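*Asks:* One structure, as structure tokens, below. Some questions next.
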Amino acid sequence: MAKKLSEGQKLKIRDMLRQGVESKAIAEHLGVTSGQVAAISAHVTMGSYDKGQTKTDFDLAEEEPPSSKILSNLEQIEPQKSNKVNSGILLGENIETGDDDYWDPFPESGSTNPHALIVGESGVGKTETIRSVVTELAQKGINSIIFDYGQGFSLDDAPPEFLEYARPVEIHASRDGININPFQLFPFDINGPLNVAQRVADTFQRVYSQIGVQQHAVLRQAVIELLSDSEIKAENEETWQNDPPWFHGLQNQLEQLSNDGGNPQRRIAANVLSHISTVFVFNTFREGGEKLTWKDVAEADGKVFIIQLKGLEHSLERVVTEFLLWNLIGFIESIGPGPLKCFAVLDEAHKLAFDAGSPVEKLLREGRKFGIGLILASQQPEDFSSVAFSNTATKLIFQVADEDSKISRQISRKLRGGHSFEEIRQTITKLPRGVAYIVSENTGYITKIRQIKDRINSW
């Protein structure tokens with residue numbers, strides 16, 4: 001355990017912080033821990049030292065800021081490896097106990113919900129945390145699939161430790177396309193092409209608000225006819241094993257419908273085509289695209305797959321993500337229930353749909369049974385639906401504005417006793433970079449997240 005900071009050390013740290021000196025340099029210069037510097041930084045941010053308080057009157061103050069009560073423990077924590085054995089995923093150091101803090105999503109350890117939610121403003125450490133967690137998962141033989149919308153996980157900017165221990169594979173779906181076919185039939189499609197047609201039409205309707213009931217019906221029928229032309233017929237189950245047409249065939253089908261002067265729905269078909277045309281312009285789903293085989297993903301034994309989606313139009317990002325998730329769900333369900341196989345990491349929740357019938361909602365409710373966990377991350381609490389909050393057992397809350405107290409109230413309702421929502425709000429709005437408020441098993445505590453380079457020796 002590190003020695004408690006003297007008043008002189010605290011004053012010096014405050015002065016150096018206000019001069020713009022980096023925390024790491026301060027710790028090295030003064031011979032203190034980075035956690036101690038982070039705690040002082042948090043107090044500076046909160047304005048605790050701007051209220052005319054000396055050390056004496058600060059210690060004796062009748063009403064210490066609620067966040068200070070929790071964050072002050074950072075000043076006395078020296079990162080250390082716990083002596084206790086844990087098979088879970090290391091998050092970091094609990095600032096109250098100094099013990100290693102673990103997240104255990106594994107069913108064999110008794111977990112009934114492997115899903116996690118991460119929220120925090122830009123620059124607070126979400127990306128580094130995700131890298132650390134998926135690398136730790138890789139060391140346990142669990143693979144991860146990261147859907148990257150902003151190149152935050154690009155291998156060009158990845159730390160060398162991530163490249164060595166996560167063994168990442170980057171798939172440039174936005175640039176080179178991907179050889180996944182949304183028309184593929186799976187065993188859970190008990191009505192064959194009818195299920196495929198419904199799924200495709202539903203996906204487009206969720207993403208494009210202009211697609212109403214009539215447009216949905218035309219889309220569904222177009223897919224059914226396209227599959228029938230490829231000898232995949234609803235009335236003949238033996239044909240369901242035939243190779244489906246590639247996705248650009250839907251464009252041709254809609255063009256034929258819109259150009260058919262005898263078709264009473266030709267204008268609706270033309271309208272649908274105009275709304276979803278970017279899907280065919282980018283031609284993301286194509287036979288010559290980058291190879292992605294879910295079987296290889298499931299059996300990779302400790303790798304991270306990064307599906308790079310930057311460069312796609314915003315609506316198209318959602319379309320591509322949903323179709324890829326449906327395809328993943330189809331594969332996982334085809335091999336049946338089993339142990340935890342992989343995690344899907346969705347880094348920008350505002351690009352997703354959580355409503356009933358969406359692939360994200362299905363994974364949140366049923367993923368555990370088939371061995372898929374979700375890690376959902378975003379910058380603001382409002383990016384997540386109530387479904388996401390209620391179906392993620394573990395939450396990592398980094399610094400976030402939370403002006404309307406939405407996330408603080410939700411957290412407070414989940415905790416057994418403990419802090420009020422206002423105290424939680426005061427805490428999460430002042431957290432230093434790399435420090436998160438963890439909510440797990442109806443308890444809340446603060447953890448300093450350990451990065452990859454700081455955990456290698458434990459492997």
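*Asks:* Name the long-range amide H neighbours of residue 429: under 5 Å, sequence gap of 5 or more, or other chain; modelled H, no Pro or chain starts.
*Replies:* Here the answer is 400, since their amide H atoms fall under 5 Å of that of residue 429.
*Asks:* How far is helix 193-207 tilted, in degrees, relative to the longest principal axis of the Cα atoms in the chain, given as a value from 0 to 90 rounded to the nearest 10?
*Replies:* Helix 193-207 sits at roughly 50 degrees to that axis.
*Asks:* Going by amide H atoms built from the backbone, whose H comes under 5 Å of the H on residue 306, apart from near neighbours?
*Replies:* So residue 306 has HN proximity to 146, 169, 170, 171.
*Asks:* Obtain the nm distance between the two label points defined at residue 404 and residue 295 by a simple spin-label model: each point lies 7 Å from its Cα along the Cα-to-C-beta direction.
*Replies:* Roughly 4.8 nm, to one decimal.
*Asks:* Hey, what's the per residue convex hull volume over the C-alpha atoms of segment 360-405, in cubic angstrom?
*Replies:* In segment 360-405, the Cα convex hull volume per residue is 78 Å³.
*Asks:* Using Cα-only point scatterers and the Debye equation, what is log10 of I(q)/I(0) for segment 245-356 at each q in 0.16 Å⁻¹, rounded to two decimals?
*Replies:* -0.91
*Asks:* Here's another thing I want to ask about it. Report the dimensions of segment 115-211 along its three principal axes from the alpha-carbon atoms, largest first, rounded to Å.
*Replies:* Ordered largest first, segment 115-211 gives principal extents of 47, 32, 30 Å.
*Asks:* So what's the chain giving for Cα Rg divided by 2.2 N^0.38 Å, two decimals?
*Replies:* That ratio works out to 1.12.
*Asks:* Which links in 126/341; 140/448; 126/291; 126/430 stretch past 27 Å when you go from one Cα to the other?
*Replies:* On the way: 126/341 23 Å; 140/448 22 Å; 126/291 29 Å; 126/430 16 Å.
Flagged as over cut-off: 126/291.
*Asks:* A further question on this structure: Against the longest principal axis of the chain, how steep is helix 7-18, in degrees 0 to 90 to the nearest 10, with axes from Cα atoms?
*Replies:* Helix 7-18 and the main axis of the chain meet at about 40 degrees.
*Asks:* So what's segment 314-401 giving for Rg/Rh, alpha carbon basis, Kirkwood Rh from the mean inverse pair distance? Kindly include the intermediate steps, with their values, before the conclusion.
*Replies:* Values: Rg = 13.0 Å, Rh = 13.6 Å.
In segment 314-401, Rg relative to Rh is 0.96.
*Asks:* Okay, moving on. Please list, ordered by chain and number, the residues whose modelled amide H lies under 5 Å from the amide H of residue 446; skip anything fewer than 5 residues away on the same chain.
*Replies:* Long-range HN contacts for residue 446: 95, 96, 438.
*Asks:* Can you give the Rg and Dmax of segment 178-332 based on its C-alpha atoms, in angstrom?
*Replies:* 15.8, 56
*Asks:* Using the scaling law 2.2 N^0.38 Å as the reference, what is the normalised Cα Rg of segment 340-459? Before the final figure, lay out the partial values.
*Replies:* Working: Rg = 15.2 Å, N = 120, 2.2 N^0.38 = 13.6 Å.
Taking the Cα Rg and dividing by 2.2 N^0.38 Å, one obtains 1.12.
*Asks:* Could you run the Debye sum over the Cα atoms of segment 101-161, one equal point scatterer each and no solvent, and tell me log10 of I(q)/I(0) at q = 0.25 Å⁻¹, two decimals?
*Replies:* Summing over Cα pairs of segment 101-161 leads to -1.32.
*Asks:* Mean separation of Cα pairs under 8 Å and 6+ residues apart, divided by the residue count of the chain: what relative contact order is that in percent?
*Replies:* 23 percent
*Asks:* Taking the Cα atoms only, what angle lies between the long axis of helix 213-229 and the longest principal axis of the chain, rounded to 10 degrees?
*Replies:* Taking Cα atoms only, the helix is inclined about 60 degrees.
*Asks:* Could you tell me what % of all Cα pairs in segment 193-282 have separations over 24 Å?
*Replies:* 17 percent
*Asks:* For a quick protection proxy, order the peptides 212-222, 339-349 by their average other-Cβ count within 10 Å, most packed first.
*Replies:* Working: 212-222: 18.2, 339-349: 21.4.
Top to bottom by mean Cβ count within 10 Å: 339-349, 212-222.
Read-outs: derived from the displayed coordinates by stated rules, not from any lab. Everything quoted here is computed from the prediction, not taken from an experiment. With ideal geometry, Cβ positions are generated from the backbone for all residues, glycine too; neighbour counts draw on all protein chains shown.
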